[in-house]
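Please read the structure below before turning to the comments.
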Amino acid sequence: MTNTVNYYIKKDNGTTINIIIEPVLTQAANNHLNFTGVYALYKGNDHGEARLLEMQEIAPEIGESYPLVDDAKNPDFLGRLTYNSNKLKWEYTGGSLSPNEQHQIVEFIQNAK
């Protein structure tokens, strides 16, 4: 999955929350985008939007450019999921999602491929 998507998960307390799952891409020498195996997770709103999209850098050719917001300072940042293809294992870092909540997101990503 290489497109940013929204997905609702069920929190451990029984409520639902909208999660923005953003694949982290890098630009190759041939100007193609390559997926890094990392997904950044952000809290979205009921409309599938997040403030992060308003705060991120805009390419200079598109418009005014702003510096990137450090995820640690973004109140909507929920962590990162990294897939290690050598170990066939997922690792969650930088957030407070429970193992059950992480599992829901991983299952969604795996089924979306």
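Data table
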item: Rounded to whole Hz, the Karplus (6.51, -1.76, 1.60) HN-Hα couplings of the range 95-100, x for glycine and proline; result: x, 10, 6, 6, x, 5
item: Ordering of 16-24, 29-37 by packing [mean C-beta count within 10 Å, highest first]; result: 16-24, 29-37
item: Rounded to whole Hz, the Karplus (6.51, -1.76, 1.60) HN-Hα couplings of the range 70-85, x for glycine and proline; result: 5, 4, 4, 9, 8, x, 8, 6, 10, x, 10, 10, 10, 9, 9, 5
item: Long-range HN-HN contacts of residue 79 with modeled amide H, under 5 Å; result: 41
item: Per-residue HN-Hα couplings for the range 39-44 [Karplus 6.51, -1.76, 1.60; θ = phi - 60°; Hz; x = Gly/Pro]; result: 10, 8, 10, 9, 7, x
item: For residue 44, residues with placed amide H under 5 Å, excluding near neighbours; result: 18, 19, 20
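Throughout, read-outs are computed from the coordinates displayed, never taken from laboratory work. Every value quoted in this text rests on a predicted model; they were computed, and no experiment measured them. With ideal geometry, Cβ positions are generated from the backbone for all residues, glycine too; neighbour counts draw on all protein chains shown.
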